[in-house]
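Following: one structure in structure tokens, then a few remarks.
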Amino acid sequence: MGLREENKERVRKAILKNALKFFAQKGIAHTTVHDIVDAIGIARGTFYNYYHDIDDVFDAVVHDMNLEIKAVLMESRKKADSLYDYLYLSFKGYFDFISTPTIKKFHLNNTAHVRKSTYENPILLSLIKDLNRDLRESKQTTFLTEKHEYLLLSIMLVGSPPELFLATQQSSTEFSNEQLATFLTKTFYKLLQPS
């Protein structure tokens with residue numbers, strides 16, 4: 001990579017890092033391009049060389065998060081010796097990632113935008129597609145009789161952790177990442193066990 005490409009990558013990363021910080025602190029509704037460029041010390045026009053607007057950089061932040069989550073899921077798949085282990089390691093890895101202070105604030109302060117951006121993100125859509133394929137090929141899902149049921153189960157497996165996380169953040173009871181992961185693992189494992 002040449003010097004120019006390295007500089008472009010450095011600026012892109014700085015924009016994303018500072019955008020994440022402001023989105024976590026203020027939410028997307030109260031974050032401006034000015035906030036980001038001022039924190040980095042770049043010209044406003046430089047920002048627009050990378051992103052069209054604040055929504056575009058928000059989507060890029062979510063995309064990078066989804067890449068990290070996908071890496072966690074792939075690592076879980078490698079480490080798992082059983083379906084139960086795979087479910088647990090995947091859910092636990094997700095909860096560990098999302099519960100870091102900045103990521104947690106980011107999700108809590110931008111819930112609607114995160115949902116919209118996430119469910120339109122190609123990374124998440126590929127995870128759902130891969131799960132759909134794996135479930136159709138599995139001997140443990142013969143209870144599903146319609147093609148769309150595999151897709152719906154895939155969506156539930158991907159969509160349940162963030163919804164459970166967000167709902168429990170509003171609860172007066174505190175739950176550990178282990179408790180959340182164990183609950184989802186037991187729920188889906190029971191569902192996926194042949195009768």
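Cross-link pairs exceeding 26 Å in C-alpha to C-alpha distance, out of Lys129/Lys190; Lys116/Lys186; Lys13/Lys105; Lys8/Lys104; Lys92/Lys147, comprise Lys116/Lys186; Lys8/Lys104; Lys92/Lys147. Taken over segment 130-189, the alpha-carbon convex hull comes to 89 cubic angstrom per residue.
Count Lys and Arg as plus one, Asp and Glu as minus one, and take only other residues whose Cβ is under 14 Å from that of Ile28; the net charge is then 0. Note: relative contact order over segment 54-192, using C-alpha pairs below 8 Å and six or more positions apart, is 33 percent. Taking the chain as a Gaussian network of alpha-carbon nodes connected by springs under 10 Å, the highest mean-square fluctuation of the residues Asn49, Asn132, Asn110 belongs to Asn49. Using Cα atoms only, what is the angle between the long axis of helix 54-79 and the major principal axis of the chain, expressed in degrees (0 to 90) to the nearest 10? Once rounded, the angle reads 40 degrees. Computed from phi, the 3J(HN,Hα) profile of segment 123-138 under the Karplus parametrisation 6.51, -1.76, 1.60 (θ = phi - 60°) reads 5, 5, 4, 6, 4, 5, 4, 5, 4, 4, 4, 4, 5, 5, 7, 6 Hz, with x in place of Gly and Pro. A straight line joining the Cα centroids of segment 58-91 and segment 112-187 runs 12 Å.
Note the angle between two axes, namely the Cα long axis of helix 3-26 and the longest principal axis of the Cα atoms of the chain, as a number of degrees from 0 to 90, rounded to the nearest 10. The answer is roughly 70 degrees. Comparing Gly27, Gly159, Gly45 in a Gaussian network model of the chain (Cα springs below 10 Å), the most mobile by mean-square fluctuation is Gly45. Taking Thr173, Thr185, Thr46 in turn, the Gaussian network model of the chain (Cα-Cα springs below 10 Å) assigns the largest fluctuation to Thr173. Share of pairwise Cα-Cα distances greater than 23 Å in the chain is 50 percent (whole percent).
Rg and Dmax over the alpha-carbon atoms of segment 1-116 stand at 16.5, 52 Å. Applying 1/(1 + (r/R0)^6) with r as the Cβ-Cβ distance of Ile103 and Lys139 and R0 = 25 angstrom yields a FRET efficiency of 0.10. Among the trypsin sites (Lys or Arg not before Pro) in segment 43-124, none is located in a DSSP loop while being surrounded by at most 10 other Cβ atoms within 10 Å of its own Cβ.
The Cβ shell under 15 Å around His63 holds other residues with a net charge of 0, Lys and Arg each +1, Asp and Glu each -1.
Remark on segment 1-63: Rg and Dmax equal 11.3, 37 Å (Cα only).
No lab work stands behind these numbers, since they all come straight from the coordinates. Computed from a predicted model, the values in this text were never measured in an experiment. Note: ideal-geometry Cβ built from the backbone for every residue, glycine included; neighbour counts use all protein chains shown.
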